[in-house]
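Heads up: the structure comes next, in structure tokens.
Throughout, read-outs are computed from the coordinates displayed, never taken from laboratory work. A quick note: this is a predicted structure, and the numbers were derived from the prediction, not measured. Note that each Cβ is placed from the backbone with ideal geometry, even for glycine, and that neighbours are counted across all protein chains shown.
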Amino acid sequence: MTDDRDLVLVAREDGIATVTLNRPDALNALSAALRNRIAEVFTELAADDDVQVVILTGAGRAFTVGLDLKELGGEVDAKASITSQDLSRAVTGLRQPIIGAVNGFAITGGFELALMCDFLIASTQARFADTHARVGVVPGWGLSQRLPRLIGANRAKELSLTGNFLDAETACAWGLVNRVVEPDALLPTCQQLARDILETDPATRNEIKRIIDAGWDTTLAEGMQIELDASRAHSEREVTPEKVAARRAGIQSRGRSQTT
């Protein structure tokens, strides 16, 4: 009998946790047991001070194709129960940055899970689709709100009202993913970006992530005030001439290496 813990694999190394959805034979369809395990894993990661960046990906040909339609249609009994809010809260509430490594199909609920990441890197084999309207289910994990903010309302309506697939290159051109790489370069690219994040000051990057997320949920004017308040409070706590001087040489060296 398969242990539910095997549904999500977690590899920790040097401050980076790589989380892999592991139902490849089912294209990582989000069964109740898998949804429950994802929520458990992200809750555990939130409490792990040794983990500073998370990479989320899928095993096999899919990132995840969304909810398990066999369960949803009553063909297969669900082994566990979990609300959408529990999974969404566990993932979006993570204080550590999440890099989505979209290796293949990200469909409907899987598309929503990808949108919960802080940014996405896609394999050339990645394909996105929102089939909520074809299945007869209204989104519940934020797709109808996040997707238009990323790619514009008209493009989001095209995807959500047709259920058509979006290839990786178009997703990049539309601003849904940051870059597209060959399949064998996907995890190495994400790992290098994670290492780049690790080089930054933890308290500062966590606060920057927090205020970007907070601003996402409000108006520009309110977001500007959130940033100003955070900047003042952070400066009082964390910014000293000694700390700035200690970091300056590293910043200058990195700048030279990236521009020459």
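For the structure I just gave you, tell me whether LEU176 is surrounded by fewer than 18 Cβ atoms within 10 Å (Cβ to Cβ) and hydrophobic (A, V, I, L, M, F, W, C). It is false that LEU176 is surrounded by fewer than 18 Cβ atoms within 10 Å (Cβ to Cβ) and hydrophobic (A, V, I, L, M, F, W, C). A residue that is buried (at least 24 other Cβ atoms within 10 Å of the Cβ) and among the hydroxyl-bearing types (Ser, Thr, Tyr) cannot be found anywhere in segment 112-129. Taking segment 176-205 as the range and being touching a strand residue (DSSP E or B) at 6+ places or on another chain (Cβ under 7 Å) and under 27 Å from ARG237 (Cα atoms) as the test, the residues that pass are ALA194, ILE197, LEU198.
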